[in-house]
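What follows is calculated from the coordinates using simple rules that are stated; it is not laboratory data. Predicted model, so just to flag it, every value in this text is computed and none were measured. Ideal geometry is used to build each Cβ from the backbone, glycine not excepted, and the neighbour counts take in all protein chains shown.
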Amino acid sequence: MRAEKQNISNEYLTRLNASPFFIVVDYRGLKVGPITELRKRLTKAGAEMHVVKNSIFRVAAKEAGVADLGSTLTGQLAVVTGQKDVSSAAKIVKSFSAEFEKPKIKFGYLNNQRLEGADIIALADLPSIEVLRSKLLGVIMAPATKLATIISTPGTQLARVIKAKADKGE
């Protein structure tokens, strides 16, 4: 491989190793303005999108330990990677795709597990990680809250009876 291609392959490899996920999209037909807008939205979510050369990306993915991508890399492709939440990046790509009818989600990988387009859309439909954490915390805290209520109820009822008796003057 020529030195220029080796440098590009190393750059792809660095991005893949730094990111727990990547999403491959077909950006064919998108003009520069919308691509720039998509990149801005992704940057706000801690992700980035880069246009890739298929043959060089295939080599970099193989070196990164991702399964052989073989013939799945065809057409004009871009790869979305990020350090944070995969669902937020998937939400942005899905909403952008609904808005502009492009890019088309092809497939992706999350922790070296392949995700098809439908799986990525399902990830996009999930609530954000903060919402999921708060729901989990609510589920964990519910039994403790109910226990505290049950323990304090007899004392509260007794206090009300005593107050009612005192108010009547007995």
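Mean separation of Cα pairs under 8 Å and 6 or more residues apart, divided by the residue count, gives the chain a relative contact order of 26 percent. Annotation for Lys165 and Lys53: the two label points, set 7 Å from Cα along the Cα-Cβ direction, are 9.0 nm apart.
Of the peptides 20-29, 102-111, the ranking by mean beta-carbon count within 10 Å, highest at the top, reads 20-29, 102-111. Across all C-alpha atoms in the stretch 127-170, the radius of gyration and Dmax reach 18.5, 58 Å. Residues of the stretch 23-41 with an amide N closer than 14 Å to a point placed 7 Å from the Cα of Gln76 along the Cα-to-Cβ direction: 25-36.
Entry note: the stretch 1-143 has Rg to Rh equal to 1.02, where both radii use alpha-carbon atoms and Rh is the Kirkwood radius. Once the chain from Lys44 to Lys135 is taken as fully extended at 0.36 nm per residue, the excess over their C-alpha distance is 30.3 nm. What residue among Tyr27, Ala3, Val66 has its Cα farthest toward the positive end of the dipole of the chain, where the charges are +1 on Lys, Arg and -1 on Asp, Glu, each on the Cβ? Selected residue: Tyr27.
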